[in-house]
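The values are calculated or read from the model by the stated rules, or taken from the named source; none is laboratory data. Because the structure is a prediction, the values reported are computed rather than measured. Positions of Cβ are generated from backbone atoms using ideal geometry, with glycine treated the same way; all protein chains shown enter the neighbour counts. Please note that ligands, DNA and RNA were not included when accessible areas were found on the heavy atoms of the full protein model with its side chains. Shrake-Rupley method; radii C 1.70, N 1.55, O 1.52, S 1.80 Å.
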Amino acid sequence: MLKMPYLLQFYNFKEVLKMKLKLGLFLIGLFAAFFTIAFAPTHAEAGPVKLSYANFPPAPTFPCVQMERWKKEVEKRTNGKIAIDTYPGSTLLGAKNMMDGVIEGQADIGCLCMAYQPGRFVITNATSLPLGLPNAKVGSLVLWDIYKKYNPKAFAKVKVLTMFTTAPANIMCKKPVRNLQDIKGLDLRASGGAAQILKKWGANQVGMPMSETPEALQKGVVKGLFSSLEVLKDFKFAELCRYATMTDTAVYPFAVIMNMDKWNSLPKDVQKVMDDMAVEQAKWTGTYMDNHVNEANEWSKKTYNVEFIQLAKEEKAKWDELLEPITSEWIKGAKEKGFPAEAIVEDIKAFAKKRAASSD
Ligand code: DTR
C-alpha cells in the first residue's frame, strides 16, 4: 500500500517527461512552420519573374532565332530577374491571333508579321511598298524610325519591344520564271503588301501565313512562293523549289509586342534593359537575316542545285514599271482612311537614305 503512491509518482514523472518532450517537439514544429510561412514570400520575390514569349513559325526560322537571342540577352542583362519561356511553332499563339492573344494576356510577349494584317497596321506596313529598301538591316532600322516618328494607334494597347523586317522578297518556284509570260497565272503564295506585287505581275496570288506554306507546297496548292530567300534553307523549300527568280522587291515588317499590364508590372530597371535593346535588336535581326540569306542561297545551290535566275535588264524594267502604281494606289487608300500617307512614303525614302549611308 505504501509503495503505490511512490510508483504512481514515478509513473507520473515519466509521463510528464514524455509530455514535455512532445510539447518541445510540437513547439519546434510550430517554429519551423512559422519560419517557412514567414520566409516563403521573400523567396518568391527573390526568384525570377517568368514571361512567356509566343512565336508562329518553327524554331529554326529567323523570327525564332531573334527571339532566342533576345531572351538570352534580357536574362543576362537583368541578372536573372527575368526568365523567359519561349513557344515557337504556334504552340501558344498562331500568326493570325498573335496581336489579340497578347492584348488579352494569353502570352506575355508575341512576335507578329504585320504584313499578314494589312488593314490593321497601315503605317508600319507602308515599309512593304516597293520603295527599294535594299536589305533587312536598313529595312529594320527604317521600320523602327517610322514606328517612333508616327507612334501608330494600332499599338496603343501593347508595349512594342522591337521591330524588324525580312530581306527583300524573291520568287521561289517549282518551275523557272524568266519573264512575264512565265509568271502569268502561276499559283504563288504571298501575303500582305507583297500580294499586290504578285498580282501586278500577273500571278495568281494565294494568301496564307508562312507557317501554312510548307503544306500548300507539298500538296501542290501553290507552285511556289514570294518571300525572302532564307526560307529555302530554313523550311527546306529548296528541295521542292529548284528555281529562284531575283526580283529584290518588298520587305515584310514584323513587331515584337508585350501585354501592357505585364509591362507595367515590371520593375523600372528591367523595363530600361528592354527599352535599351529595341534598336539594337532590330539591327541584330536585320544583320542576321542578311547574312543568313547569303548562307541559305549557297546551301541551296550546293545541296539542291537551285538555279538563281537574274532577269534580263529590259525584262526587269518591264517588271518594275508594272509596280509603279502600287505606291500611288496605297497613298490614295491610306489618305481616305485619314493617314498622312504622302509624308509616310517620303519619310520611308528619307530614313532609308540616311540608314543606308550610315556605317552603324
Ligand atoms: N516573307 C514573309 C515573312 C517571312 C520571311 N521568312 C519567314 C520565316 C518564318 C516566318 C515568316 C517569314 C512571308 O512570306 O511570310
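Listed values, structure above:
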item	result
J(HN,Hα) series, the range 161-178, from Karplus relation 6.51 cos²θ - 1.76 cosθ + 1.60, nearest Hz, glycine and proline x	8, 6, 9, 6, 10, 7, 6, x, 7, 9, 8, 10, 8, 6, 10, x, 10, 10
Residues with amide H under 5 Å from that of ALA203, placed H, sequence gap 5 or more	GLY185
Heavy-atom accessible surface of the range 129-202: percent carbon and sulfur, 1.4 Å	46
With every protein chain in place, the range 214-302: carbon and sulfur % of accessible area (1.4 Å)	49
Spin-label zone in the range 254-272 - amide nitrogen under 16 Å from a point set 7 Å from the Cα of ARG120 along the C-beta vector	254-260
Calculated over the chain: convex hull of Cα atoms, volume per residue (Å³)	193
Vicinal HN-Hα couplings computed from phi for the range 331-346 (Karplus, 6.51 cos²θ - 1.76 cosθ + 1.60; Hz; Gly/Pro x)	4, 4, x, 5, 5, 4, 8, x, 8, x, 4, 4, 4, 4, 4, 4
Linear extension gain, ALA317 paired with ASN264, 0.36 nm per residue minus alpha-carbon span	14.0 nm
Integer Hz, Karplus 6.51/-1.76/1.60 couplings in order for the range 279-286, x for Gly and Pro	6, 4, 5, 4, 5, 4, 5, x
Ordering of 309-319, 280-290, 138-148 by burial proxy (mean other Cβ atoms within 10 Å per residue, highest first)	138-148, 280-290, 309-319
Per residue value of the accessible surface for the chain (all protein chains in place, 1.4 Å probe), Å²	51
Cut-off 20 Å, label 7 Å out along Cα→Cβ of LYS353, residues of the range 310-332 by amide N	327-328
Sites ASN305 and ASN204 - FRET efficiency at Förster radius 22 Å, r taken between beta-carbons, to 0.05	0.20
Normalised convex hull volume, the range 209-270, alpha-carbon set, Å³ per residue	142
MRE, 222 nm, helices only [DSSP H, n ≥ 4, -39500 (n - 2.57), over the chain, to nearest 500]	-17500 deg cm²/dmol
Amide H contacts of LEU51 (H built 1.01 Å from N, under 5 Å, at least 5 apart or other chain)	ALA83, ILE84, ASP85
Long-range HN-HN contacts of THR249 with modeled amide H, under 5 Å	ALA169
